[in-house]
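Structure in structure tokens, see below.
The values are calculated or read from the model by the stated rules, or taken from the named source; none is laboratory data. Since this is a predicted model, take the numbers as computed values, not measurements. Glycine also receives a Cβ, built like all others from the backbone with ideal geometry; neighbour counts cover every protein chain displayed. The accessibility values were calculated without ligands, DNA or RNA, using every heavy atom of the protein model including side chains. Shrake-Rupley method; radii C 1.70, N 1.55, O 1.52, S 1.80 Å.
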Amino acid sequence: MSAHRVGPGVPSHPPGRRGLHRFTTARRPREEQCELCGTALAGERHRHLVDTEKRALACACGPCSQLLDRSGGPNGRFRAVPGRYLSDPGHRLDDSAWELLRIPVGVAFFLRNSALDRFVALYPSPAGATESELEPSSWQTVLEGTHLGALLEPDVEALLLRRESGRTECYLVPVDICYELVGRMRLRWQGFDGGAEARADLDAFFGHVRDTARDVQRSRS
């Protein structure tokens, strides 16, 4: 029988009914607020910011996100996540390029972290966003294999790849939807390969990305 470890501030005796009530009573969900001005964001769609110091996403109201958009300053603590979606059907990321990434699943996203001054490769897993450490040569292969690599905005945009049935889809997307995907996969993942529910959700997610993204070559013409 394993010992019950008691830490500072933790009672060594079982809690009574009154104490148990704290854990069995449903808590009110925490109200989302703008990270900059404190305005409540209850129920409304809103933009996200990247907190470059904490390496985290934060919520923003419309006026604050517009203010950051107008300032265009990439050097502040908070950066507004843009809303552009681009695709590159003519990319050159083949089987050999994918093998260099050492990603154990068929989905990965890449972003430039300005605080670390390097690119970061992440993929969804039951544990959340998992980093794959790549050699500089592998990064070069990925970035040179698509026109989207040169367009990535640091911290706020990601290169999203999906490898399935011998082909790779390649998109430039807002970084917050990548972490949304991580959360969805973590919630639905079952067994070794994720399970049918997770795969169906993944197909729906990429269907939305596919329908939203503009071809990078056409957008240049």
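Filter region 193-221 down to the residues that are open to solvent by 80 Å² or more (accessible area, probe 1.4 Å), modelled with pLDDT under 80 and over 30 Å from Ala127 (Cα atoms) and list them by number.
Residues of region 193-221 open to solvent by 80 Å² or more (accessible area, probe 1.4 Å): 193, 197, 199, 208, 210-211, 214, 217-218, 220-221.
Adding the requirement that they be modelled with pLDDT under 80 leaves 193, 218, 220-221.
Residues satisfying the conditions are Arg218, Arg220, Ser221.
So which residues in region 150-172 are assigned to a strand (DSSP E or B) and of a type in the set (A, V, I, L, M, F, W, C)? So that I can check it myself, show each step before the final result.
The initial filter retains those residues of region 150-172 that are assigned to a strand (DSSP E or B), namely 157-164, 167-172.
Once the filter is applied, which keeps residues that are assigned to a strand (DSSP E or B) and of a type in the set (A, V, I, L, M, F, W, C), region 150-172 yields Ala158, Leu159, Leu160, Leu161, Cys170, Leu172.
Here's another thing I want to ask about it. May I ask you to verify whether Ser132 is in contact with a strand residue (DSSP E or B) (Cβ under 6 Å, 6 or more places away or on another chain) and farther than 18 Å from Glu157 by Cβ?
Numbers: in contact with a strand residue (DSSP E or B) (Cβ under 6 Å, 6 or more places away or on another chain): yes; farther than 18 Å from Glu157 by Cβ: yes.
Spelling it out, Ser132 is indeed in contact with a strand residue (DSSP E or B) (Cβ under 6 Å, 6 or more places away or on another chain) and farther than 18 Å from Glu157 by Cβ.
Please determine, by comparing only the residues of region 155-192 that are among the hydroxyl-bearing types (Ser, Thr, Tyr) and either farther than 23 Å from Leu100 by Cβ or touching a strand residue (DSSP E or B) at 6+ places or on another chain (Cβ under 7 Å) (or both), which one is most open to solvent (accessible area, probe 1.4 Å). Even if it seems obvious, please write down each step before you answer.
Taking region 155-192 first, the residues among the hydroxyl-bearing types (Ser, Thr, Tyr) are 165, 168, 171, 179.
Filter once more, keeping what is either farther than 23 Å from Leu100 by Cβ or touching a strand residue (DSSP E or B) at 6+ places or on another chain (Cβ under 7 Å) (or both): 168, 171, 179.
On the way: Thr168: 13, Tyr171: 13, Tyr179: 89 Å².
Among residues in region 155-192 that are among the hydroxyl-bearing types (Ser, Thr, Tyr) and either farther than 23 Å from Leu100 by Cβ or touching a strand residue (DSSP E or B) at 6+ places or on another chain (Cβ under 7 Å) (or both), the one most open to solvent (accessible area, probe 1.4 Å) is Tyr179.
Also, quick follow-up: Tell me which of these Cys178 doesn't satisfy, since it passes every other one: (1) in contact (Cβ under 8 Å) with a residue 24 or more places away in the chain; (2) part of a strand (DSSP E or B).
With (1) in contact (Cβ under 8 Å) with a residue 24 or more places away in the chain; (2) part of a strand (DSSP E or B) applied to Cys178, the lone miss is (2).
Further question: Please go through region 92-102 and pick out each residue that is surrounded by fewer than 19 Cβ atoms within 10 Å (Cβ to Cβ), out of contact with any helix residue (DSSP H, G or I) (no Cβ under 6 Å at 6 or more places or on another chain) and either closer than 20 Å to Val175 by Cβ or not small (Gly, Ala, Ser) (or both).
Arg92, Asp94, Asp95, Trp98, Glu99, Arg102 - these are the residues of region 92-102 that are surrounded by fewer than 19 Cβ atoms within 10 Å (Cβ to Cβ), out of contact with any helix residue (DSSP H, G or I) (no Cβ under 6 Å at 6 or more places or on another chain) and either closer than 20 Å to Val175 by Cβ or not small (Gly, Ala, Ser) (or both).
Please name all residue pairs, on different chains or six or more residues apart, with Cβ atoms under 9 Å, provided the first residue is in region 150-172 and is on the phi > 0 side of the Ramachandran plot and the second residue is of a type in the set (Val, Ile, Thr).
Correct list of pairs: Asp155/Val50; Asp155/Thr52; Asp155/Val81; Asp155/Val175.
Identify all residues within region 129-149 that are open to solvent by less than 20 Å² (accessible area, probe 1.4 Å) and either in a loop (DSSP other than H, G, I, E, B) or free of Cβ contacts under 8 Å to residues at least 40 places away in the same chain (or both); write none if there are none.
Here is the first cut: in region 129-149, the residues open to solvent by less than 20 Å² (accessible area, probe 1.4 Å) are 132, 138, 142, 145-146, 148-149.
Within region 129-149, Ser132, Ser138, Gly145, Thr146, Gly149 meet the criteria.
Which residues, counting only those in region 138-160, are within 30 Å of Ala60 (Cα to Cα) and touching a Phe, Trp or Tyr at 6+ places or on another chain (Cβ under 7 Å)? Steps first, answer last, please.
Let us first name the residues in region 138-160 that are within 30 Å of Ala60 (Cα to Cα), namely 148-160.
Matches in region 138-160: Ala158, Leu159, Leu160.
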